[in-house]
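The values are calculated or read from the model by the stated rules, or taken from the named source; none is laboratory data. What you are looking at is a predicted structure, and each value in this text was computed from that prediction instead of being measured. Ideal geometry is used to build each Cβ from the backbone, glycine not excepted, and the neighbour counts take in all protein chains shown.
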Amino acid sequence: MPEPLLEIKNATKIYGGTGFFSKGRTTVALQDFNLTIDAKPATITTIAGESGSGKTTLANLVLGFIKITSGQVLYKGVDVNTMNSSQLFEYRREVQAVFQDPYAVYNPFYRVKHIFDMVLKNFKLARSKEEGRALVEDALNVVGMRGEEVLEKYPHQLSGGQRQRMMVARAYMLKPRLIVADEPVSMVDASLRAMILDIMLRLRDEHNISFLYITHDLSTAYQIGDNIHLLYQGAVAERGNTVKVIENPKHPYVQLLIDSIPVPDPTVKWGGEEISTLDDEQMRANIASGCRFYGRCPHRMDRCLEKAPPLYPVGEAGHEAACYLYTPETEAVR
C-alpha cells in the first residue's frame, strides 16, 4: 500500500494552563483529530465548521506555525516535528499556503513582483533572470493573469481577487504536493470566488496538487470537496464523502447546520426550534469533557456527559458520525 502524502494522528492542541495570568484555564482548540491524504490521486479535503471550531488551528499545525500538544503530523511518513533541516526545507517547498486575507500578505512598500522574487531566491528555482521570469509567467498563466499587467504594480493597485490569484500562482510556482487554503474565497466577490474554486479544481486534476480546504461555507465545500470533516468545538462531528455528508447528514449538529441554510422560498420558515444551551466554552475546557454539542442537542442523553462519543460508521465510503445515536445498541432500539 503506497505511503500517504499527509497523515494526522490524534492531533490535539491545548491553549492556556500555565503562566501567572492564565489562572490554570485551558481551551482545547483541537482534540484527537485524524486525517489521511493519499499521494495519488490528488484530492480536495474540506475542513468545515463555524468560527472557533478549530479549523485554522489545524491549518497552523500542518504548516508548522504552532506546536502540537500531542499527536503527530506526518508528511511522507516523517513526523514534521522531528524533521532535520533538509527535510524541513523540502516540506516547506511541497506544502504551501493560501491565506484568507489577500490584503494582509503583501508588503505595501514593494511591487507585487517581490513575492515571486523571494520565492525564486529562497528556493533557488532559476539560474537566470530570464528563466525566473518564464517560471513566473507560467504560474500567472495558470491563474489567468499576465505578468506585464500586474508585476510592476503595487498591492493597492490590484483588486482582492487579483491579489488572491497571485498568491495561488506563487504557491503553484513551487510545484507543491499540497496547498493549505485557509478561507481563500471568503473575502472576494461571487464571480471571482467561482474563478478561484475552478483554479483549485484544475490544479487538482491537471497538476496532481491536493488541497486542505478550510472553510465555513458549505456551498463551496459541496462544489469542490472530495471529502469533508465537520468540526464542532475542536472535535470532529462528522466526516466522509462531501456529497453524502451534506445531502444526508447524521450528526445532530450537522443536521441543524444544514437546516440553517436558507432556501429561496418565502413560504419556508428559516430557523429551527430554540434549544436551551450550556456554555460551549465550558465544555471544551477539558479533554475529558463529554460531547461538546450536549447543550444544544435535541437528542442528548446522560451518557453524552460521561465521555465524548467516538466516530461510528453511518454510511458508505467512510461516512462516520461522533454520536451515541449510532451505537449498535441504540440503533437496535431505533
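All of Q233, Q223, Q255 fail the test of being on the phi < 0 side of the Ramachandran plot and touching a helix residue (DSSP H, G or I) at 6+ places or on another chain (Cβ under 7 Å), apart from Q223. One residue alone among E137, E206, E130, E152 is modelled with pLDDT of 90 or more, closer than 19 Å to Q223 by Cα and over 20 Å from the mean Cα position of the chain (by Cα), and that residue is E206.
The number of residues in region 236-254 being of a type outside the set (V, I, T) and surrounded by fewer than 24 Cβ atoms within 10 Å (Cβ to Cβ) comes to 7.
Taking region 148-170 as the range and being surrounded by 18 or more Cβ atoms within 10 Å (Cβ to Cβ), of a type outside the set (K, R), touching a Leu at 6+ places or on another chain (Cβ under 9 Å) and not in a loop (DSSP other than H, G, I, E, B) as the test, the residues that pass are V150, G161, Q162, Q164, M166, V168, A169.
T242 meets each of the listed conditions (1) more than 19 Å from the chain's Cα centre (by Cα); (2) modelled with pLDDT of 90 or more; (3) of a type in the set (S, T, N, Q) apart from (1). Residues in region 171-202 that are part of a helix (DSSP H, G or I) and either among the hydrophobic types (A, V, I, L, M, F, W, C) or not assigned by TED's automatic domain parsing to the domain that holds V143 (or both): A171, M173, A190, L192, A194, M195, I196, L197, I199, M200, L201. Cβ separations smaller than 6 Å between residues 6+ apart or across chains give the following pairs from region 153-170 residues that are under 13 Å from D189 (Cβ atoms) to residues that are among the hydrophobic types (A, V, I, L, M, F, W, C) and part of a helix (DSSP H, G or I): G161/L192. Scanning region 115-130 for residues that are surrounded by fewer than 12 Cβ atoms within 10 Å (Cβ to Cβ) and outside any loop (DSSP other than H, G, I, E, B) yields K121, K129, E130. The residue that is surrounded by the most Cβ atoms within 10 Å (Cβ to Cβ), counting only those in region 202-218 that are among the hydroxyl-bearing types (S, T, Y) and under 14 Å from P184 (Cα atoms), is Y213. When each of V180, V143 is tested for being within 26 Å of the chain's Cα centre (by Cα), under 30 Å from S51 (Cβ atoms) and in contact (Cβ under 8 Å) with a residue 60 or more places away in the chain, the lone residue that passes is V180.
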